[in-house]
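Notes to accompany the following structure.
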Ligand code: NZQ
Ligand code: ZN
């Protein structure tokens with residue numbers, strides 16, 4: 001097991017009605033709040049009214065319209081509101097897109113230059129406004145981590161700003177807020193959670209047994225409950241287990257003692273930067289393709305363990321078990337209604353070589369990923385994901 005430090009300062013308030021603590025908690029940080037939300041789901045579900053009523057004694061400024069794959073232009077708008085109005089705290093009510101935009105806004109509000117400079121050089125983040133979250137979709141884990149993934153619509157870059165100053169101070173996680181999610185978003189969340197765990201599970205260092213075993217539990221939780229939540233949107237047991245799984249999947253617990261770079265996310269981020277697809281759609285297509293590409297005799301034991309422990313594959317031969325495990329991932333994604341190839345979502349091959357170069361240039365794929373990948377490897381993975 002590698003050495004590690006683990007310090008996660010986010011206060012999680014989990015459960016039905018946990019939002020009632022919001023006014024008391026936010027009061028600690030001041031009275032001027034920037035409320036950040038998306039395209040309108042919180043108005044349709046009534047959550048906007050609940051938050052407004054709870055925060056009636058605060059001065060609320062609003063930044064609505066955060067798009068899935070949040071854009072730099074939204075961050076610039078939010079930072080300007082913060083600076084013009086001496087905002088004390090940023091409150092994200094929504095999913096990963098709202099939370100990530102809020103984190104970047106919180107840092108940009110304390111910075112004189114353009115917000116994109118912070119993404120290109122995170123050492124420039126010297127301060128950030130405190131961030132609070134009311135979570136409405138479980139997928140990214142952004143509610144308890146310091147990452148913010150932002151798309152620069154001019155340069156077609158989708159990059160992560162990641163610094164400890166961006167941990168949310170408090171996150172309200174009420175599983176009943178997930179009841180209104182369309183099945184497609186429940187599926188997308190499940191695929192993203194599974195991918196986060198796999199990115200860490202498939203990292204060098206097989207000696208972190210405790211971490212790998214916890215990862216297997218989180219993956220089994222997603223496999224068990226995602227279909228139930230899709231069939232019965234108001235199943236509290238399913239929603240609550242998925243919600244906590246998404247938080248644990250990416251709050252650094254499952255990387256403790258492991259190490260190395262992620263493999264599939266850097267490739268997906270380049271694809272969604274150019275084509276603005278749903279993050280998990282890209283992951284669903286790329287994950288089994290990446291697995292088939294990197295599986296060989298040197299790593300078949302790890303893939304076989306994944307197949308046996310997570311998918312209950314019974315083959316005794318490691319290579320056969322490993323291949324069955326990859327089939328299980330494909331079938332699961334299909335059962336959730338996710339596409340399996342780029343051709344199904346209209347992505348053609350013109351930009352594959354360019355995207356492959358960028359994926360390698362902007363990540364640790366070539367030096368630190370589970371199986372090191374060159375631009376040629378990534379390009380081949382993209383071609384293999386084309387489908388018919
Ligand atoms: O915009 P509104 O109208 O609110 O609708 C949203 C949006 O269309 C809808 N939605 C959310 N909660 C709902 C709901 N609809 C009905 N009822 C509810 N309760 O769902 C749609 C997707 O929301 P979004 O926030 O985009 O989803 P998600 O949480 O999956 O976030 C995706 C973004 O996070 C990034 C992704 O790349 C993508 O940009 N990621 C962030 C990470 C992080 N910060 O750690 C890590 C991830 O790997 C990922 O890259
Ligand atoms: Zn993800």
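The values are calculated or read from the model by the stated rules, or taken from the named source; none is laboratory data. All values derive from a computational prediction rather than experimental measurement. Cβ atoms come from the backbone with ideal geometry, glycine included; neighbour counts cover every protein chain shown.
Data overview
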{"item": "Hits in region 38-53 - residues which are surrounded by 15 or more Cβ atoms within 10 Å (Cβ to Cβ) and in contact (Cβ under 8 Å) with a residue 60 or more places away in the chain", "result": "38, 41, 42, 45, 47, 51"}
{"item": "Answer from 19, 12 - the residue that is in a strand (DSSP E or B), surrounded by 15 or more Cβ atoms within 10 Å (Cβ to Cβ), on the phi < 0 side of the Ramachandran plot and modelled with pLDDT of 95 or more", "result": "12"}
{"item": "Qualifying residue in region 189-199 (condition: more than 9 Å from ligand 1 (Cβ to nearest atom), more than 18 Å from residue 14 (Cα to Cα), free of Cβ contacts under 8 Å to residues at least 24 places away in the same chain and in a helix (DSSP H, G or I))", "result": "no"}
{"item": "Search result, residues across region 228-240 that are under 21 Å from the mean Cα position of the chain (by Cα) and either within 17 Å of residue 17 (Cβ to Cβ) or in contact (Cβ under 8 Å) with a residue 60 or more places away in the chain (or both)", "result": "230, 239, 240"}
{"item": "Any hit, region 241-252, residues being away from ligand 2 (no atom under 16 Å from the Cβ), at pLDDT 95 or above and under 18 Å from the mean Cα position of the chain (by Cα)", "result": "yes"}
{"item": "Sole exception among (1) crowded, with 22+ Cβ neighbours inside 10 Å; (2) touching a strand residue (DSSP E or B) at 6+ places or on another chain (Cβ under 8 Å); (3) farther than 30 Å from residue 286 by Cβ for residue 130, by number", "result": "(1)"}
{"item": "Single unsatisfied condition, residue 152 versus (1) in contact with a strand residue (DSSP E or B) (Cβ under 8 Å, 6 or more places away or on another chain); (2) buried (at least 24 other Cβ atoms within 10 Å of the Cβ)", "result": "(2)"}
{"item": "Those residues of region 351-388 which are assigned to a loop (DSSP other than H, G, I, E, B), surrounded by fewer than 19 Cβ atoms within 10 Å (Cβ to Cβ) and either at negative phi or out of contact with any helix residue (DSSP H, G or I) (no Cβ under 9 Å at 6 or more places or on another chain) (or both), in sequence order", "result": "351, 362, 364, 371, 372, 374, 386, 388"}
{"item": "Complete set of residues in region 147-177 that are over 16 Å from the mean Cα position of the chain (by Cα), farther than 16 Å from residue 97 by Cβ and modelled with pLDDT of 95 or more", "result": "164, 165, 169, 170, 172, 174, 175, 176"}
{"item": "Selected residue (only one of 172, 193 is buried (at least 24 other Cβ atoms within 10 Å of the Cβ) and within 16 Å of ligand 2 (Cβ to nearest atom))", "result": "193"}
{"item": "Any helices (runs of 4 or more DSSP H) falling wholly within region 269-349 and containing at least 3 residues that are more than 23 Å from residue 193 (Cβ to Cβ)", "result": "318-335"}
{"item": "Residues of region 357-379 classified as closer than 19 Å to residue 281 by Cα and in contact (Cβ under 8 Å) with a residue 40 or more places away in the chain, total", "result": "2"}
{"item": "Scan of region 274-284 for residues that are at pLDDT 95 or above and either touching a helix residue (DSSP H, G or I) at 6+ places or on another chain (Cβ under 6 Å) or within 12 Å of ligand 1 (Cβ to nearest atom) (or both), ordered by number", "result": "277, 278, 279, 280, 281, 282, 283, 284"}
{"item": "Sole exception among (1) out of contact with any strand residue (DSSP E or B) (no Cβ under 9 Å at 6 or more places or on another chain); (2) away from ligand 2 (no atom under 16 Å from the Cβ); (3) within 24 Å of residue 198 (Cβ to Cβ) for residue 164, by number", "result": "(3)"}
{"item": "Count of residues meeting criterion [under 30 Å from residue 257 (Cα atoms) and touching a strand residue (DSSP E or B) at 6+ places or on another chain (Cβ under 7 Å)] in region 1-29", "result": "5"}
{"item": "Residue match in region 256-263 (condition: crowded, with 20+ Cβ neighbours inside 10 Å and part of a helix (DSSP H, G or I))", "result": "no"}
{"item": "Test result for residue 263, touching a strand residue (DSSP E or B) at 6+ places or on another chain (Cβ under 6 Å) and at pLDDT 95 or above", "result": "yes"}
